[in-house]
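Written below as structure tokens is the structure these notes are about.
The values are calculated or read from the model by the stated rules, or taken from the named source; none is laboratory data. Predicted, not measured: the structure shown is a model, and the values here were computed from it. With ideal geometry, Cβ positions are generated from the backbone for all residues, glycine too; neighbour counts draw on all protein chains shown. Heavy atoms of the whole protein, side chains included, go into the accessibility calculation; ligands, DNA and RNA do not. Shrake-Rupley method; radii C 1.70, N 1.55, O 1.52, S 1.80 Å.
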Amino acid sequence: MKPEDYSRRQQELAGWAVTIETYRLGDVYHCSIANADPGARFARADGSTREEAESRAIDKATRYLQQTRKFEV
């Protein structure tokens, strides 16, 4: 299988710059969210539609990011 319907965009969640990648494999959409600066992936989700997969991943990512302390230098 090859990934289809691929999209990648940058967005801000809970004060952090993140990259959201979404693609379809077969009948399932997969979404992953990574920190934009180092590129560390920290939230993933699947769904039957693009919106469902992105919504689940964004909810997870927002929950994780709100728990993360950010130090200003």
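State to the nearest 20 debye the size of the charge dipole of segment 1-40 about its Cα centre, where the only charges are +1 on K and R beta carbons and -1 on D and E beta carbons.
Here the size comes out at about 60 debye.
Look at the alpha carbon pairs under 8 Å that are at least 6 residues apart: their mean separation over the length of the chain gives a relative contact order of 23 percent.
Relative to the Cα centre, the charge distribution of the chain, modelled as +1 at Lys and Arg Cβ and -1 at Asp and Glu Cβ, gives a dipole magnitude of about 240 debye. Rounded to the nearest Hz, the phi-derived 3J(HN,Hα) couplings of segment 20-33 under the Karplus curve 6.51 cos²θ - 1.76 cosθ + 1.60 (θ = phi - 60°) are 10, 10, 9, 8, 10, 10, x, 9, 10, 8, 10, 10, 10, 10, where x marks glycine and proline. If a spin label sat at a point 7 angstrom from the Cα of ASP46 along the line to its beta carbon, the backbone N atoms of segment 1-23 nearer than 19 Å would be those of 1-7, 21-23.
Mean residue ellipticity, 222 nm, helices only, the chain: the sum of -39500 (n - 2.57) across DSSP H runs of n ≥ 4, divided by residue count and rounded to 500, is -8000 deg cm²/dmol. Averaged over its residues, the chain has an accessible area of 71 Å² per residue, based on protein heavy atoms and a 1.4 Å probe.
A convex hull fitted to the Cα coordinates of the chain yields 79 cubic angstrom per residue. Sparsely packed loop sites in the chain (the trypsin sites (Lys or Arg not before Pro) outside DSSP H, G, I, E and B with at most 11 other Cβ atoms within 10 Å) comprise ARG69, LYS70. Other residues with beta-carbon under 14 Å from the beta-carbon of ALA61 carry, at +1 per Lys or Arg and -1 per Asp or Glu, a net charge of +2.
The solvent-accessible area of ASP37, taken with every protein chain present and a 1.4 Å probe, is close to 140 Å².
Within the accessible area of the chain, what % is carbon and sulfur when the probe is 1.4 Å and the other protein chains stay in place?
Of the solvent-accessible surface of the chain, carbon and sulfur hold 46 percent.
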